[in-house]
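Working notes, beginning with the structure itself.
Any read-out appearing in this document is the output of simple, stated calculations on the displayed coordinates, not a laboratory observation. A quick note: this is a predicted structure, and the numbers were derived from the prediction, not measured. Reconstructed Cβ throughout: ideal geometry from the backbone, glycine too, with neighbour counts over all protein chains shown.
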C-alpha cells in the first residue's frame, strides 16, 4: 500500500478530484495549506501599498491506495494539476505499512 500526497494550486482541486474519480479513486483527504518553494512567495498591491506574501495558498491531497494504483494516480494528478507555470506543486509517494478501518476493524488493502 502507498500514500500519495500532492501539493497543488487551489483552483486545480476540482479538476484533480474529477481525474481521480474517473480512474476509480474516490477517497481522499484535502487540506488547505500555505507554503513556498523556489518561487519564494510573491508581491501584491493593496490600496497603493506593495506587500510581500511569503506563504502561497496551496491544497494538500492525501490518498491511500494499493501498490498497483500508484502509476495511474500519479499520472492523473500530473495531467490535471499541471499548468506549466511555477508553483504547480509536488507529488510525494510514501510506503504505507498498515491501514485500519475504524468502523469495522478491517485491516490492510481491504480497509482502503
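The modelled label-to-label distance between residue 111 and residue 82, using points 7 Å beyond Cα along the C-beta direction, is 3.5 nm.
For the chain, the longest principal axis of the C-alpha atoms and the axis of helix 70-81 are separated by about 30°. With the simple spin-label model, which puts each label point 7 Å out from Cα in the Cβ direction, the residue 91 to residue 103 separation comes to 2.9 nm. Comparing mean-square fluctuations of 62, 98, 32 from a GNM of the chain with C-alpha springs under 10 Å, the top value falls on 98. Each of residue 75 and residue 11 was given a label point 7 Å from its Cα along the Cα-to-Cβ line. The distance between the two points is 2.8 nm.
So how tilted is helix 13-22 from the main axis of the chain? Cα-based, degrees 0 to 90, rounded to 10. On a 0 to 90 degree scale, this one is about 20.
Using a cutoff of 8 angstrom between alpha carbon atoms and counting only pairs six or more residues apart, the relative contact order for the range 2-111 works out to 41 percent.
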